[in-house]
Amino acid sequence: MTSLNHATIWITGASSGIGEAFAREAEAAGATRLILSARREDALEQVRAGMQRPDDHRVVQLDLADTDALGPLAEQVWHEHGPIDIIVHSGGITQRSLAKDTTFDVYRRIIDVDFLGTVALTQALLPHMLERDHGHIVMISSLVGKFGTPLRSAYAAAKHALHGYADAVRAELADTGVHVTVFCPGFIRTNISVNALLEDGTPQGRDDPAIINGKDPADCARAIRKAIEKNRGEAYFAGKEMLGVYLKRFTPRLFEKIIPRLPVR
């Protein structure tokens with residue numbers, strides 16, 4: 001069982017949404033130090049200032065798309081603010097465009113941010129965690145990591161890759177004290193659809209109805225905490241969209257007929 005109490009936890013995507021909600025949940029659960037990361041340093045400082053113990057926490061600005069910089073940054077964070085007990089990879093970006101219209105640059109950016117950025121940080125931290133025989137790597141995926149839906153070809157590809165990577169690493173670490181959890185939320189009330197990339201790479205700039213009517217990020221954060229504490233390999237938090245996981249698994253032909261007609265935004 002992994003405890004958040006007295007832990008040092010690094011959270012990417014901590015400036016808003018699930019990452020911000022988990023930061024508050026982790027502090028309430030007794031985390032000693034939070035390292036809050038995202039692209040916007042000013043937004044991170046606002047999150048830190050709103051915590052119960054702001055002076056105990058640190059802000060580290062990063063861009064997950066700048067994968068070459070992430071390894072050296074992880075080394076710096078470990079030595080200046082660590083050791084890191086738990087890293088929660090919550091940073092990411094999604095998409096709202098048909099594959100036939102989407103530029104390759106959009107695919108590159110989403111793969112870099114949602115998959116390779118996570119891998120780069122994990123690869124840098126993993127040797128240190130193994131040396132201590134202690135650590136927990138948490139990857140926030142999506143139900144779209146289990147099945148693809150229209151308008152999300154790049155996002156689905158990145159999240160599916162994340163699952164493959166996590167499954168392999170988890171198997172390699174089976175006899176160690178380092179754990180890997182993949183957490184798959186459904187529709188959560190965040191700004192993810194506002195920032196979703198259109199076919200030319202510009203943000204959509206508006207909420208999707210499914211996101212507006214989604215679940216509370218605070219409830220999602222509590223579910224993430226429980227998944228970490230129970231050392232779950234994979235966990236889910238979703239509404240009726242969870243049906244897609246079961247349809248794809250048990251009735252794939254029916255899934256293929258239904259998914260093109262379902263509202264996905």
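No lab work stands behind these numbers, since they all come straight from the coordinates. These figures come from a predicted structure and were not determined experimentally. Cβ placement follows ideal geometry from the backbone for every residue including glycine, while neighbour counts extend to all protein chains displayed.
Some observations on this one:
- Per-residue Karplus couplings for the stretch 180-190, computed as 6.51 cos²θ - 1.76 cosθ + 1.60 with θ equal to phi - 60°, are listed in order as 10, 10, 10, 10, 10, x, x, 6, 10, 6, 10 Hz, Gly and Pro entered as x.
- Estimated from the Cβ-Cβ distance and a Förster radius of 35 angstrom, the FRET efficiency linking Ala218 and Gln123 is about 0.65.
- Placing unit charges on the Cβ atoms only, positive for Lys and Arg and negative for Asp and Glu, gives the stretch 1-111 a dipole magnitude near 360 debye about its Cα centre.
- With the cut-off at under 15 Å, measuring from each backbone N in the stretch 42-62 to a point 7 Å along the Cα-to-Cβ line of Ala69 picks out 42, 60-62.
- When DSSP beta bridges are restricted to pairs lying wholly in the chain, around 5% turn out antiparallel.
- When peptides 53-64, 157-168 are sorted by average Cβ neighbour count within 10 Å, with the highest value leading, the order is 157-168, 53-64.
- For Ile188, the residues whose amide H sits under 5 Å from its own are Lys215, ignoring neighbours fewer than 5 places away on the same chain, with H placed 1.01 Å from N.
- Cα gyration tensor, the stretch 101-144 - rounded (a/c under 1.5), prolate or oblate: oblate
- The stretch 202-265: C-alpha gyration tensor shape, a/c 1.5 cut-off, then a/b vs b/c: oblate
- Exceeding the 20 Å Cα-Cα cut-off - candidates Lys159/Lys230; Lys100/Lys215; Lys159/Lys257; Lys226/Lys248; Lys146/Lys257: Lys159/Lys230; Lys100/Lys215; Lys159/Lys257; Lys226/Lys248
- Gyration tensor verdict on the stretch 4-91 (Cα atoms; rounded if a/c is under 1.5, prolate if a/b is larger than b/c, oblate otherwise): oblate
- For the stretch 132-143, Karplus couplings with θ = phi - 60° (6.51, -1.76, 1.60), whole Hz, Gly/Pro x: 8, 6, 7, x, 9, 10, 10, 10, 7, 9, 5, 4
- Full extension of the segment from Phe104 to Asn231, taken as 0.36 nm per residue of separation minus the current Cα-Cα distance, would add 42.0 nm.
- Taking amide H as placed 1.01 Å from N in the peptide plane, Asp63 has no amide H partner under 5 Å among residues 5 or more places away or on another chain.
- Computed extension gain for Thr176 through Gln46, at 0.36 nm per residue and net of the alpha carbon distance, reaches 43.1 nm.
- Built amide H within the under 5 Å cut-off of His179, gap 5+: Gly135, His136, Ile137
- Over the chain: helical MRE at 222 nm, DSSP H runs n ≥ 4 each giving -39500 (n - 2.57), nearest 500: -13000 deg cm²/dmol
- Potential extension, Arg253-Ala210 segment - 0.36 nm per residue separation minus Cα distance: 13.0 nm
- 3J(HN,Hα) along the stretch 223-235, derived from phi through the Karplus expression 6.51 cos²θ - 1.76 cosθ + 1.60 where θ = phi - 60°, amounts to 5, 5, 4, 5, 5, 5, 4, 8, 6, 5, x, 8, 9 Hz, with x in place of Gly and Pro.
- The stretch 181-216 versus the stretch 22-36: alpha-carbon centroid distance in Å: 24 Å
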